[in-house]
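See below for the structure under consideration.
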Protein chains: 2
Amino acid sequence: MIRLLLAEDHHLVRGAFVALLGAEPGIEVVGETGRGDEAVRLARELRPDVAILDIDMPGLDGLEAAERISREAPGCRVVIVTGHGRPGYLRRAMAAGARGFVGKDNPASVLATVIRQVHDGGRYIDPDLAADALTMRECPLTPRELDTLRAAAGGAPVSRIARELHLSEGTVRNYLSSAVTKLEAENRHAAVRRARDMGWL
Amino acid sequence: MIRLLLAEDHHLVRGAFVALLGAEPGIEVVGETGRGDEAVRLARELRPDVAILDIDMPGLDGLEAAERISREAPGCRVVIVTGHGRPGYLRRAMAAGARGFVGKDNPASVLATVIRQVHDGGRYIDPDLAADALTMRECPLTPRELDTLRAAAGGAPVSRIARELHLSEGTVRNYLSSAVTKLEAENRHAAVRRARDMGWL
DNA sequence: CGGCGGATCTGACAAATGTCATGGTCCGCC
DNA sequence: GGCGGACCATGACATTTGTCAGATCCGCCG
């Protein structure tokens with residue numbers, strides 16, 4: 001019997017997953033939560049065989065949670081499930097020690113298959129998302145460029161960004177300009193959007 | 001037996017919903033799709049008793065689809081299910097003829113309840129979302145302000161927006177400025193974000 | 001060592017954006 | 001008819017943002 005931990009922020013969807021997986025022979029949902037930090041705590045306490053983590057979660061996002069679970073509950077294999085096929089997410093998930101990565105665009109039947117495969121020591125990477133991630137170049141932005149982009153993401157004016165990062169306004173403009181050029185965007189806001197789509201932000 | 005149409009873009013989630021609702025006595029899923037336009041077509045062809053529509057869908061969003069289904073398949077009661085509790089969405093859903101509105105934060109058990117309630121001629125509005133929508137003021141933007149905001153949402157420069165809308169650049173700047181003021185934002189991009197959060201965009 | 005490349009920072013200048021005063025049109029209302 | 005208010009539209013001016021050339025520092029390789 002595979003003991004499963006389920007973390008997914010939308011209660012309704014989580015309940016549906018329980019219904020789906022509860023019908024699978026050999027799989028037992030031993031814990032569920034809608035928060036990333038809760039997921040880490042439950043993984044430590046319940047010691048499940050496999051943890052299914054959504055990426056969008058309050059408290060701690062699924063990737064962070066995956067990293068901590070891999071470290072603090074080593075016996076627990078992690079599968080990331082996500083609705084957004086951001087290439088950068090897959091890369092980060094692998095770095096965080098995840099052994100499965102599945103997009104929500106897949107038919108429902110794959111989920112149980114992946115759980116069993118990962119439980120048996122295998123790995124599973126969504127082929128479409130893997131292709132995207134491998135085609136895609138790595139994030140070309142420097143740390144400072146990422147900092148400024150992140151700070152600009154909320155629509156903050158340069159003056160505030162400069163204050164937050166303890167930089168001159170000219171410098172902030174420079175980093176943003178550089179990021180815009182590298183991402184082939186028309187302005188900083190299009191750059192933010194693009195970086196976010198790539199999962200870099 | 002309640003004949004149900006299910007429209008939700010994430011295949012995996014849709015499958016889980018089928019598993020959840022399939023276990024419910026008296027409910028039968030007669031059709032499912034991941035596209036809004038498909039949902040309208042299926043509603044016409046299959047004449048289900050109730051249609052569950054997610055808002056985020058390709059082809060046609062759930063609110064548009066709700067409106068068309070109410071018109072083209074009058075016997076079909078529409079329930080909107082959404083992950084984002086945008087106040088404006090609820091208002092638009094009501095205007096589109098929806099008879100149920102449920103956030104994905106609800107426990108799984110409510111879904112079947114709502115379906116039965118709506119099928120029996122009742123209505124169901126998520127209490128939390130209703131409270132938000134009633135607290136919230138209506139969208140204060142004029143049609144032209146909304147047009148320009150929408151056009152600006154992708155990060156397009158004023159010059160392009162002006163060309164698209166056949167306006168002078170000064171006029172476009174004026175509308176955007178007005179929208180920014182009304183939304184108490186710092187610049188157009190923060191305004192876009194805010195309008196989107198409200199479900200106005 | 002010396003030179004090269006890349007990252008970090010800055011100010012000056014050019015371009016885009018935000019603000020304001022203004023005028024026109026339409027519509028409801030007294 | 002005349003008035004007030006809301007919306008639409010514009011150009012001029014102030015502010016913010018984007019671009020560029022350059023300075024400094026540091027690791028790396030010949």
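For peptide B:13-25, the mean count of partner chain Cβ atoms within 10 Å of a residue's Cβ comes to 6.
In this label model, A:Ala23 and B:Thr135 are separated by 3.8 nm, measuring between points 7 Å along each Cα→Cβ vector.
Extending 7 Å from the Cα toward the beta-carbon at both A:Asp128 and A:His84 defines two label points whose distance is 1.7 nm. For the protein assembly as shown, just say rounded, prolate or oblate: build the C-alpha gyration tensor, square-root its eigenvalues into a ≥ b ≥ c, call rounded for a/c under 1.5, and beyond that prolate if a/b exceeds b/c, oblate if not. The shape class here is oblate. Were the residues from B:Ser109 through B:Arg47 laid out at 0.36 nm apart, the gain over their Cα-Cα distance would be 19.8 nm. The residues A:His11, B:His10, A:His84, when put in order of fewest to most other Cβ atoms within 10 Å, stand as A:His84, A:His11, B:His10.
Peptides B:50-60, B:167-177, B:147-157, A:162-172 ordered by packing proxy, namely the average of other Cβ atoms within 10 Å per residue, highest first: B:50-60, B:147-157, B:167-177, A:162-172.
Rounded to the nearest 20 debye, the dipole size of the protein assembly as shown about its Cα centre is 880 debye, using +1 on the Cβ of Lys and Arg and -1 on the Cβ of Asp and Glu. Look at the Cα gyration tensor of region A:36-108: its axes a ≥ b ≥ c give a/c of at least 1.5 with a/b over b/c, and that counts as prolate. Here region A:23-102 is assigned +1 on the Cβ of each Lys and Arg and -1 on the Cβ of each Asp and Glu. Its dipole about the Cα centre then comes out at about 380 debye. The value of relative contact order for chain B, using C-alpha pairs under 8 Å at least six residues apart, is 15 percent. One decimal place: the segment A:Leu146-A:Glu184 gains 12.2 nm when fully extended, by the rule 0.36 nm per residue minus the C-alpha distance.
Kindly identify region B:2-135 as rounded, prolate or oblate by the Cα gyration tensor criterion: order the square roots of the eigenvalues as a ≥ b ≥ c, call it rounded if a/c is under 1.5, otherwise compare a/b with b/c, prolate if a/b is larger, else oblate. Rounded, since a/c falls under 1.5. Between B:Asp120 and A:Met1, the FRET efficiency from the beta-carbon distance, with R0 = 41 Å, is close to 0.50. 3J(HN,Hα) along region A:132-144: 4, 5, 7, 5, 5, 6, 5, 4, x, 8, 7, x, 5 Hz, from the Karplus curve 6.51 cos²θ - 1.76 cosθ + 1.60 with θ = phi - 60°, whole Hz, x for Gly and Pro.
Working note: 222 nm ellipticity from helices only, DSSP H runs with n ≥ 4, each -39,500 (n - 2.57), summed and divided by the residues of the protein assembly as shown, gives -16000 deg cm²/dmol to the nearest 500. From the residues A:Asn106, A:Leu46, B:Pro48, which one has its Cα farthest along the dipole of the protein assembly as shown in the positive direction, the dipole being from +1 and -1 charges on Cβ of Lys/Arg and Asp/Glu about the Cα centre? Among A:Asn106, A:Leu46, B:Pro48, the one farthest towards the positive end of the dipole of the protein assembly as shown is A:Asn106. Take each residue of peptide B:103-116, count the partner chain Cβ atoms within 10 Å of its Cβ, and average: the result is 3.
Values in this text are rule-based calculations from the coordinates and carry no lab data. In this text, all values refer to a predicted model and were calculated from it rather than measured experimentally. Note that each Cβ is placed from the backbone with ideal geometry, even for glycine, and that neighbours are counted across all protein chains shown.
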